[in-house]
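Single-structure report; data block below.
The values are calculated or read from the model by the stated rules, or taken from the named source; none is laboratory data. Since the structure is predicted, the reported quantities are computational estimates derived from the model, not experimental observations. So basically every Cβ, Gly included, is an ideal-geometry build from the backbone, and we count neighbours across all protein chains shown. Side chains included, ligands, DNA and RNA excluded: accessible areas come from the protein's heavy atoms. Shrake-Rupley method; radii C 1.70, N 1.55, O 1.52, S 1.80 Å.
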Amino acid sequence: MALTCPDCGNRKSFQVKTLQMHLLQVEETGLFDAEADGDPAVLEVLCDECETAVDLDSLDPEQRPKVLRSLGIS
């Protein structure tokens with residue numbers, strides 16, 4: 001895959017910050033996680049070495065879908 005840090009050139013490890021919400025349902029018998037299906041929203045992708053943001057929109061058009069699928073984004 002073609003993820004590369006624009007600052008330090010790292011190609012091995014990245015941090016993916018997501019926003020994932022859970023729906024809790026309270027019933028007489030207890031509390032249940034009624035999480036709806038769906039992909040978590042990706043807030044940002046950072047280089048794990050220097051924490052520089054990686055712009056997913058700047059990826060090669062052929063590689064972008066592969067990277068997004070690996071992050072769990074349809």
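Filtering the range 14-33 to residues that are surrounded by 11 or more Cβ atoms within 10 Å (Cβ to Cβ) and touching a residue at least 12 places away in the same chain (Cβ under 8 Å) leaves F14, Q15, V16, K17, T18.
The strands (runs of 3 or more DSSP E) found wholly in the chain and carrying at least 1 residues that are of a type in the set (D, E) occupy 24-27, 30-33, 41-47. If only residues of the range 40-74 that are in contact (Cβ under 8 Å) with a residue 12 or more places away in the chain, small (G, A, S) and open to solvent by less than 70 Å² (accessible area, probe 1.4 Å) are counted, the one that is farthest from S13 (Cα to Cα) is A41.
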